[in-house]
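A short write-up of the structure that comes next.
The values are calculated or read from the model by the stated rules, or taken from the named source; none is laboratory data. Please read all numbers here as calculations on a predicted model, not as lab measurements. Positions of Cβ are generated from backbone atoms using ideal geometry, with glycine treated the same way; all protein chains shown enter the neighbour counts. SASA here: full protein model, heavy atoms, side chains in, ligands and nucleic acids out. Shrake-Rupley method; radii C 1.70, N 1.55, O 1.52, S 1.80 Å.
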Amino acid sequence: MAVGKEILTWYEGAWHEGNAPIIGAADHAAWLGSTVFDGARQFDGARPDLDLHSARIIRSAEAMGMIPPVDAATVQGLMEEGCARFGADRALYLRPMMWSRDSAPGIIDVEPENTGFSICIEALDMPAAGGFSLTVSPFCRPRPDMAVTEAKAGALYANNARIMADARKRGYSNALSLDVEGFVAETASTNVFMLRDGVVFTPVPNGMFLNGITRQRVVSLLRADGAEVVEASLTLEDFDAADEIFVTGNIAKVMPVARYKDREMGTPRMGLRARELYWDYALSGGETVAALRSMAGGV
Ligand code: PMP
């Protein structure tokens, strides 16, 4: 399924207009789900943390037992090349993907050397802040000994898809899901933060959710801005008592939660500050606000 209306696909050494076919009917990925992907963004001429997204797809492929056919620098260079074809002013979703083409003799396991690679770039506007609602999902996140949670693998998104579908059916944008120990993990497509008495909290990485690139960036930007950010095991009771909740992820970067369960949340002061810090970071070409301040001789 395409998320955008205009699509450009890199496959087999060339750019193709549109939603180009890339996987054969007998490929391992087609019937055993060995796809990995990453998601990055271009907006307002910026491509924040493109190097980190390029490096992560390599790690994801390796975690699935595949040998990536290209390195991170090549992935990044191709994404930049594809962006240039659209123009720097376009809001784009950049998605490199790798998958296994063939099975090893055991049939179920992948043949490591036979890895497909493609990049799909789709025109996709940045969502405006506002109107985002969150409920609690009945579906949990697996432990690393239950699924390949260290990879950003398409196979994990079967669970995320039902988390999202259930939330939407109940009139919400997304849902908090718990890990198997009962702590809040993330949503179906983002990491999550909450504010309580002026302190920002976010679940501590424990292998049961994606330690997102945006999450890590927002933690360091908020700390550089003087906020106290605590990574901890958080319960639903913690979220019930939160003064604010916001989510982070590649698609919208930072999104304040306007409604949590049946509660209308107040003005998202910290969520909007985090969003502003992220945009400052992205538009400055990746310099942190603190680094820029010290370069300018300020505090
Ligand atoms: N969790 C899940 C399940 C996601 O799909 C995403 C989006 N990639 C995130 C968290 C956020 O990760 P990132 O900030 O690296 O995009």
Checklist entry - Considering only residues of region 116-130 that are outside any strand (DSSP E or B) and within 16 Å of the ligand (Cβ to nearest atom), which is surrounded by the fewest Cβ atoms within 10 Å (Cβ to Cβ)? => result Pro127
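When you check Ala88 against the structure, is it assigned by TED's automatic domain parsing to the domain that holds Ile23 and at negative phi, yes or no?
Values: assigned by TED's automatic domain parsing to the domain that holds Ile23: yes; at negative phi: yes.
Spelling it out, Ala88 is indeed assigned by TED's automatic domain parsing to the domain that holds Ile23 and at negative phi.
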Item to check | Residue pairs meeting the criteria (Cβ under 7 Å; at least 6 apart or on separate chains; first on the phi < 0 side of the Ramachandran plot, in region 261-279; second at pLDDT below 95 and not in a loop (DSSP other than H, G, I, E, B)) | outcome: Leu277/Val289
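Please specify each residue of region 81-102 satisfying the condition of being open to solvent by 30 Å² or more (accessible area, probe 1.4 Å) and either at pLDDT below 95 or more than 15 Å from Asp38 (Cα to Cα) (or both). Step through it out loud before you land on a result.
Taking region 81-102 as the starting set, the residues that turn out to be open to solvent by 30 Å² or more (accessible area, probe 1.4 Å) are 81, 84-86, 88-90, 95, 97, 101-102.
Within region 81-102, Glu81, Ala84, Arg85, Phe86, Ala88, Asp89, Arg90, Arg101, Asp102 qualify.
Kindly provide the set of residues from region 5-62 that are more than 30 Å from Ala104 (Cβ to Cβ), more than 16 Å from the ligand (Cβ to nearest atom) and buried (at least 16 other Cβ atoms within 10 Å of the Cβ), ordered by number. Spell out how you get there, then give the answer.
Within region 5-62, the first condition is being more than 30 Å from Ala104 (Cβ to Cβ), and the residues that meet it are 5-8, 15, 17-18, 40-52.
Pick out the ones that are also more than 16 Å from the ligand (Cβ to nearest atom) and you get 5-8, 15, 17-18, 44-45.
The answer is Ile7, Leu8.
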Next on the checklist: Of everything in region 191-208, what is within 12 Å of the ligand (Cβ to nearest atom) and open to solvent by 20 Å² or more (accessible area, probe 1.4 Å)? Give them in sequence order.
Outcome noted: Pro205
Checklist entry - Based on what the data block shows, is Thr74 within 16 Å of the ligand (Cβ to nearest atom) and polar (S, T, N, Q)? => result no
Item to check | Any pair with Cβ under 6 angstrom, 6 or more apart, that starts in region 174-197 at a residue that is in the same structural domain as Ala155 (by TED's automatic domain parsing) and farther than 13 Å from Val247 by Cα and ends at one that is more than 9 Å from the ligand (Cβ to nearest atom) and charged (D, E, K, R) | outcome: Val180/Arg143; Arg196/Asp243
Next on the checklist: Exactly one of these conditions fails for Val148: (1) β-branched (Val, Ile, Thr); (2) over 17 Å from the mean Cα position of the chain (by Cα); (3) surrounded by fewer than 19 Cβ atoms within 10 Å (Cβ to Cβ). Give me its number.
Outcome noted: (2)
Item to check | Tally of residues being assigned to a helix (DSSP H, G or I) and either within 15 Å of Leu176 (Cβ to Cβ) or away from the ligand (no atom under 15 Å from the Cβ) (or both) across region 240-276 | outcome: 7
Next on the checklist: With the requirement that a residue be within 21 Å of Thr235 (Cβ to Cβ) and assigned to a loop (DSSP other than H, G, I, E, B), what does region 131-143 give you?
Outcome noted: Ser137, Pro138, Phe139, Cys140, Pro142, Arg143
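Checking the condition more than 14 Å from the ligand (Cβ to nearest atom), open to solvent by 10 Å² or more (accessible area, probe 1.4 Å) and modelled with pLDDT of 95 or more, which residue from Arg217, Arg223, Arg162 passes? Working first, answer last.
Working: Arg217 fails: more than 14 Å from the ligand (Cβ to nearest atom); Arg162 fails: more than 14 Å from the ligand (Cβ to nearest atom).
Unique residue meeting the criteria: Arg223.
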Checklist entry - Can you list the strands (runs of 3 or more DSSP E) found entirely within region 10-54 that contain at least 1 residues being of a type in the set (Lys, Arg) and closer than 22 Å to Asp71 by Cβ? => result 40-42
Checklist entry - Is at least one residue of region 152-159 surrounded by fewer than 23 Cβ atoms within 10 Å (Cβ to Cβ), part of a strand (DSSP E or B), within 12 Å of the ligand (Cβ to nearest atom) and not β-branched (Val, Ile, Thr)? => result yes
